[in-house]
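Read-outs throughout are calculated quantities, based only on the coordinates presented, and are distinct from any laboratory measurement. Because the structure is a prediction, the values reported are computed rather than measured. All Cβ positions, even for glycine, are placed from backbone atoms using ideal geometry, and neighbour counts span all protein chains on display.
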Amino acid sequence: MILVWYGKFILLMHILVVYPYIPYPIDRGTYQRVFHLLRELARDHTIDLIALSEKGERVEHRSVFETFCRKVVFVPFVHPPWPRLVPNRLLHALPTTIRHWWLPQLADTIGAMLDQNEYDMVHVCDIVMAQYFLKSHLEIPLSVDRSRVDLQFQEEQYARMPKELKSSLLYREQVWKLRRFEHQVARRSAVQVVCGPDDERFIRSEVSRKVPVAVITNGVDLDYFSPDAAPARRDSAPTVLYCGAMDYMPNVDALRWYFEEIHARLKRRVPDLKVLIVGTSPVDEVKAYGALPDVTVTGGVPDVRPWYRRAWAQIVPLRIGGGTRLKIPESMAMGTPVISTTIGAQGLNLTHGTDILLADTPEMFAHYTERMLHDETLRQRIEERGMQTCRGRFGWPGLGRQLSRYYSQHFQPARNSHEHN
């Protein structure tokens, strides 16, 4: 039995994975990370998967996961109703956003899987799933993969909200409880896996100095997101794209900032500018932008790659952080250069003027977008460097191997193990 990890060898482990959704089809940004890391972990380890299926949806994709997981259990559920403010919400120790994910049937399924099988560790996605291991199953190491740090997200989201008295009080109540819960999860975690160094710094400063943290950046499927995989050509007119789930509050806020502060500035400089807003479930505010001249709101599309290829550049005017943006490595891999805020590109370690253009004020965002559209030499240079950076750093196989090695190095298997090259 090999008890430590040596160089290129990875110890085979048995891992129970618990997800709050079925990440397939891969039609949301977070599903990219969750699905691909799961598949890459399964190349080196034995994986049993438990995933929630809201209203029984997506269960028809079980066979996709059975190709690389030993066992696959989908748990159908319907969210309980949101609790009344008094007394159910105020008098409960947990924040409502966490309680909303407490499901007795999931707790029973987890308990049964742990009783029937021997695991070296549990890997859960996001802290809403960590609550099932705070008072039970304390003997097994817990890894929490965080697509965003919830406390950081809540604080940045609040900064963009209207400061009405009721919403302010509810926010303070929510964040106080969430901060307490974050501390509890940190004490229980054997490791927290985050998307970038910014997330790690936030955890260190606001949550815990002691919890182990592994940084596994987000990546891209380089076989799928390739310029050769999409037949579309660049539009004849200067065209920018914004891509993402259009019911996700940070994306809605990003578009609000763009159209309130940036779009008119940019239009004066690039009169023939066209804007493509591509993504699932656009809320009414996003749909309304489609009424503006030269702005197209597509809703969900069967294949986003032709839209990347049509655009001369992607804009990422995000103001709310936490995690990293898969839209950026996707766009770079497709050969579509990116203009982003610093917070939009956090965690990716990209260089302004080389891999990407970064701007944090409306004037500078409009300026750099105009430069990208009008300066073909600059655009081609960033396009080529972006593709090189993606190939070197953002492929899922390499990122998954980083996580596999971390687990093998830090969690000793409880049974006889096999070497994987």
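Reducing the range 163-229 and the range 230-248 to their Cα centroids gives an inter-centroid distance of 29 Å. Candidates Val122, Leu103, Ile203 compared by Cα position along the dipole of the range 90-212: farthest toward the positive end lies Ile203, with charges placed on Cβ. Each DSSP beta bridge with both residues in the chain is either parallel or antiparallel, and the antiparallel ones are about 5%. Positive end of the dipole of the chain (Cβ unit charges, origin at the Cα centre): among Ala366, Val75, Leu276, the Cα lying farthest that way belongs to Ala366. Here the range 103-189 is assigned +1 on the Cβ of each Lys and Arg and -1 on the Cβ of each Asp and Glu. Its dipole about the Cα centre then comes out at about 640 debye. Per-residue ellipticity at 222 nm from helix content only, as computed over the chain with -39500 (n - 2.57) for each DSSP H run of at least four residues, stands at -11500 deg cm²/dmol. On a per residue basis, the convex hull of the C-alpha atoms belonging to the range 3-96 measures out at 149 Å³.
Grab every C-alpha pair in the chain, bin the distances at 20 angstrom width from 0 up to the longest one, and report whole percents. All Cα pairs considered, the percentages come to 25, 56, 19, 0.
Could you rank the peptides 290-300, 84-94, 231-241, 140-150 by their average count of other C-beta atoms within 10 Å per residue, with the highest value first?
In decreasing order of mean packing, 290-300, 84-94, 231-241, 140-150 become 140-150, 231-241, 290-300, 84-94.
Dipole magnitude for the chain: about 600 debye, using +1 per Lys or Arg Cβ and -1 per Asp or Glu Cβ, origin at the Cα centre. Rounded to whole Å, the principal axis extents of the Cα atoms in the range 167-221 read 41, 26, 17, largest first. Over the range 44-117, the fraction of Cα-Cα pairs per 5 Å bin, rounded to whole percents and listed from the shortest bin up, is 3, 13, 20, 17, 17, 13, 8, 5, 3, 1.
Only loop residues by DSSP count here, and only those with at most 14 other Cβ atoms within 10 Å; note down the GluC sites (Glu not before Pro) in the range 114-162 that meet that. Of the GluC sites (Glu not before Pro), the ones in loops of the range 114-162 whose Cβ has at most 14 other Cβ atoms within 10 Å are Glu118, Glu139. Toward the positive end of the charge dipole of the chain, with +1 on the Cβ of Lys and Arg and -1 on the Cβ of Asp and Glu, the farthest Cα among Ser136, Tyr242, Val86 is that of Val86.
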